[in-house]
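The values are calculated or read from the model by the stated rules, or taken from the named source; none is laboratory data. Source: prediction; values computed, not measured. Here the Cβ positions follow ideal geometry from the backbone for every residue, glycine too, while neighbour counts run over all protein chains shown. Note: accessible area is taken over every heavy atom of the protein model, side chains too, but ligands, DNA and RNA are not part of it. Shrake-Rupley method; radii C 1.70, N 1.55, O 1.52, S 1.80 Å.
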Amino acid sequence: MTATLERGLNALREQIDAPVASFFSSCVSCGLCAEACIFYRETEDPKYTPIRKLDLLRRIWKSEYTLFGRIANMFGLMPKVTEADLTAWEELVYDSCTMCGRCTLVCPVGNDLTMMIRKMREGMSAAGHAPTELVGAAGRHADFGSPMGELHPALHAQIKHAEKETGIPIEMDKAGADYMVLLSAQEIAEYPDVLAAMSRIFKKAGITWTISNDGFEATNVGIQLGNRDVARTLVTRVVEAAEKLGVKGVISPECGHAYQALRWEGPNLIGRPYKFEVVHIIELLDHLRAEGKLKTKGKDTTKVTFHDPCQINRRGGINREPRNLMHMVASNFVETDDAGTMNWCCSGGGGVGANERATDLRFKAFNRKKAQFEKVAPDKIVTMCAYCHHTLEEQLEEHNMDIEVQGLTELIGEYLDDE
Amino acid sequence: MNNPYFDLLMWARGPGFDIALIIFAAGMVIRVVEILVLGRKSDKAPAKGSPVGQGIRTVFSRSIPRKGLINYAPVTYLGGYIFHLGFFIALFFFGPHLSLFDSIFGFSHWWPEALSFQWPSFGRVIIESATALAILALIALMYSRLTDPVRRAISTFDDYLVWLLCVLPLASGYVAVNKLFGDPTLMLALHILSVELLMIAFPFTKLTHAVTFVLSRYYNGAIQGRKGAES
Ligand code: SF4
Ligand code: SF4
């Protein structure tokens, strides 16, 4: 056995806890998880059945963590997990799973398959079986501060741009502000208008905020790669920046896995609760709306629909909030089928979008959303994750569909009543 | 009393049943304990919803399929419901089974007569229809397991064995009660033996889910509930 294989198997062993054992103990091989999975539904290839993607983890659990399995193992009845197995499973664990969480919601015995995929990636990456793009992004993130490399110059340019547009100064590294704003690399590079929108909304609401030069980027490739050390390093950067400035809260940007990483995994990665609260930008906007501190004027009258990012809604619990806001600013807001908790993934989440090898599969998987959009025939799709935004634009173009995509914060900014 | 099968029946009812019960009970205790001892790390992220409440709710709510899903797998859902219901009705509401439970667990000893609750047994028509429907549901489920690509791909020996072990008590019970064929004493003995096989297999197969589903559904609800997300 090679050293990397052994390291991978140990990483998998570390992931096995009572929930995992209860999930594997309860599976009745009914196959219903496949019916929920975008990759199975759009390809009808049974190899994409979610529980099957977890088979290596299941085998380790069975042969080492159950009494009867251990006995069978002593008689050599349990096949060992080999390097060849890991190679074969790499595609299943990374290319054909966006960690969207639909399977977790349909399994009749309640198996959280998505959480187990997340765990299985820890073992796969430790064994050197992760897609090179994710490994590369992790390296850039650790060395330069973002998966896209050094972003300070771009950030400073965008801030200047927003200041010019709004006439509101944005003070960097301001200690004692109410909130420290984080952005996703995607926003800085592709959708910087969100900055001006936030600037105006917060000014009107009387909120003080800042951006830290030490930690402004919120994405976390460690979560997608399945590497706790990388994930911890990246979360720590943000936590240290926020605690140094003594802010009351940190605003998680329109980015699905960043919210997952910061809000839910982060405290467990660093082993303690934060000294500040983490709030998703849309959660905060909805609070402000409820408190009467966010007022809009006029409405978008074109037909608009909403795309729920999996990590923010299904896996993040933010479902009502964007809808409250949508109704504020859109008079012809039409939901797609399955909207809300059971929404279908944009096809690019969980690192799949960055993974070259998965490109064809991803284009196929998008057919589900495509059909849903065709049914509604919207003029605009609004979402609250910059990576969903990016993926939707890419997919719509690939499928020759001419529909505008916009971030929700930006849309609110357009109709903000700031007189 | 010179029925040649009488000894077999007596063995099945006596020592056979005791052996099966011990393996079943001890095996299941091991299965549950080996899950619980693995423990789980306390979650340091401040909860948004209620993990415990939602965990408990999910133990029940997950019995209802999510909207729309039934269309994708009608046989699995309907077959699953009918089989489970039929099996439970036949197991828990057939008069002779109730007397048996009473003799094992001695409900009538534990409670004063006045408090002793009357667990009704169902009439023959209901029991027999439930049994027949459960068998038909199992046949449909097996058909889907053999023909549907997903179910065929994930099926193991365990799935086929458990299927057989579920059919046998239902079928033999039906034959024994209706004296359809064979010697009635033999049929009754075989019925009891088939149940004992099912009990013995319980801790070693996916039948374990009948107990551990409470844990898995609870954890699912608790994990989602902490985030204020649906489960
Ligand atoms: S839905 Fe749940 S019980 Fe059914 S095969 Fe998938 S993991 Fe197993
Ligand atoms: S998390 Fe989503 S993509 Fe991954 S296996 Fe489950 S349903 Fe499929």
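Key figures for this structure:
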| quantity | calculated |
| --- | --- |
| Elements of type helices (runs of 4 or more DSSP H) in the stretch B:1-97, at least 1 residues being under 17 Å from the mean Cα position of the chain (by Cα) | B:17-36, B:51-61, B:74-92 |
| Filter result for residue A:405 (surrounded by fewer than 23 Cβ atoms within 10 Å (Cβ to Cβ), closer than 24 Å to residue A:192 by Cα and in contact with a helix residue (DSSP H, G or I) (Cβ under 7 Å, 6 or more places away or on another chain)) | yes |
| Pair list, Cβ < 8 Å and 6+ apart or interchain, from the stretch B:65-87 residues that are at positive phi to residues that are open to solvent by 40 Å² or more (accessible area, probe 1.4 Å) | B:68/A:338 |
| Among residues of the stretch A:283-300, those that are closer than 23 Å to residue A:245 by Cβ and within 14 Å of another protein chain (Cβ to nearest Cβ), counted | 3 |
| In the stretch A:19-38, residue farthest from the other protein chains (Cβ to nearest Cβ) [restricted to those that are farther than 17 Å from residue A:56 by Cα and in a helix (DSSP H, G or I)] | A:38 |
| Unique match (being surrounded by 12 or more Cβ atoms within 10 Å (Cβ to Cβ) and within 12 Å of chain A (Cβ to nearest Cβ)) among B:86, B:16, B:79, B:39 | B:79 |
| Residue among A:46, A:50 that alone is within 12 Å of chain B (Cβ to nearest Cβ) and under 25 Å from the mean Cα position of the chain (by Cα) | A:50 |
| Strands (runs of 3 or more DSSP E) within the stretch A:218-336 that include 2 or more residues over 27 Å from residue A:177 (Cβ atoms) and open to solvent by less than 10 Å² (accessible area, probe 1.4 Å) | A:300-307 |
| Selection status of residue B:177, over 30 Å from residue A:72 (Cα atoms) and out of contact with any Cys (no Cβ under 7 Å at 6 or more places or on another chain) | yes |
| Among (1) touching a Ser or Thr at 6+ places or on another chain (Cβ under 8 Å); (2) in contact (Cβ under 8 Å) with a residue 12 or more places away in the chain, the one test that residue B:34 misses | (2) |
| Long-range neighbours under 8 Å by Cβ, at least six apart or interchain, first residue touching a residue at least 40 places away in the same chain (Cβ under 8 Å) within the stretch A:283-294, second loosely packed, with under 15 Cβ neighbours inside 10 Å and outside any helix (DSSP H, G or I) | A:293/A:206 |
| Condition met for residue B:70 (farther than 30 Å from residue B:221 by Cα, within 14 Å of chain A (Cβ to nearest Cβ) and surrounded by fewer than 18 Cβ atoms within 10 Å (Cβ to Cβ)) | no |
| Every residue from the stretch B:45-64 that is more than 14 Å from residue B:217 (Cβ to Cβ) and buried (at least 16 other Cβ atoms within 10 Å of the Cβ) | B:45, B:48, B:49 |
| Filtered residues of the stretch A:98-113 (kept if within 11 Å of ligand 1 (Cβ to nearest atom) and among the β-branched types (Val, Ile, Thr)) | A:104, A:106, A:109 |
| Test: residue in the stretch A:34-42 that is outside the structural domain of residue A:368 (by TED's automatic domain parsing), more than 16 Å from ligand 1 (Cβ to nearest atom) and under 27 Å from residue B:141 (Cα atoms) | yes |
| Sole exception among (1) open to solvent by 50 Å² or more (accessible area, probe 1.4 Å); (2) more than 23 Å from residue A:185 (Cβ to Cβ) for residue A:357, by number | (2) |
| Single residue of the stretch A:408-419 satisfying the filter (acidic (Asp, Glu) and outside any helix (DSSP H, G or I)) that is most open to solvent (accessible area, probe 1.4 Å) | A:419 |
| Count of residues meeting criterion [in a loop (DSSP other than H, G, I, E, B) and open to solvent by 10 Å² or more (accessible area, probe 1.4 Å)] in the stretch A:39-51 | 2 |
| Some residue of the stretch A:53-73 being part of a helix (DSSP H, G or I), charged (D, E, K, R), under 25 Å from residue A:349 (Cβ atoms) and more than 14 Å from ligand 1 (Cβ to nearest atom) | no |
| All helices (runs of 4 or more DSSP H) inside the stretch A:104-166 with 1 or more residues being free of Cβ contacts under 8 Å to residues at least 40 places away in the same chain and either over 18 Å from the mean Cα position of the chain (by Cα) or within 16 Å of ligand 2 (Cβ to nearest atom) (or both) | A:132-144, A:152-166 |
| Evaluation of residue B:23 against (1) touching a helix residue (DSSP H, G or I) at 6+ places or on another chain (Cβ under 8 Å); (2) within 11 Å of chain A (Cβ to nearest Cβ); (3) farther than 16 Å from residue B:224 by Cβ (one fails), failing number | (2) |
| Residue satisfying all of: in the stretch B:43-67; within 26 Å of residue A:35 (Cβ to Cβ) and at the interface with another protein chain (Cβ under 7 Å from one of its Cβ atoms); modelled with the lowest pLDDT among these | B:66 |
| Test result for residue A:382, at negative phi, open to solvent by less than 20 Å² (accessible area, probe 1.4 Å) and more than 22 Å from the chain's Cα centre (by Cα) | no |
| Exclusive hit being within 21 Å of the chain's Cα centre (by Cα), more than 12 Å from ligand 2 (Cβ to nearest atom) and more than 23 Å from residue B:76 (Cα to Cα), set A:83, A:91 | A:91 |
| The lone exception for residue A:4 - which of (1) within 11 Å of ligand 1 (Cβ to nearest atom); (2) more than 13 Å from chain B (Cβ to nearest Cβ) it fails | (1) |
| Residue ranges of helices (runs of 4 or more DSSP H) in the stretch B:112-217 with at least 2 members more than 14 Å from every other protein chain (Cβ to nearest Cβ) and farther than 29 Å from residue A:22 by Cα | B:124-147, B:157-178, B:184-201 |
| When residues of the stretch A:77-117 are limited to those that are in contact with a helix residue (DSSP H, G or I) (Cβ under 6 Å, 6 or more places away or on another chain) and charged (D, E, K, R), the one nearest to residue A:359 (Cα to Cα) | A:95 |
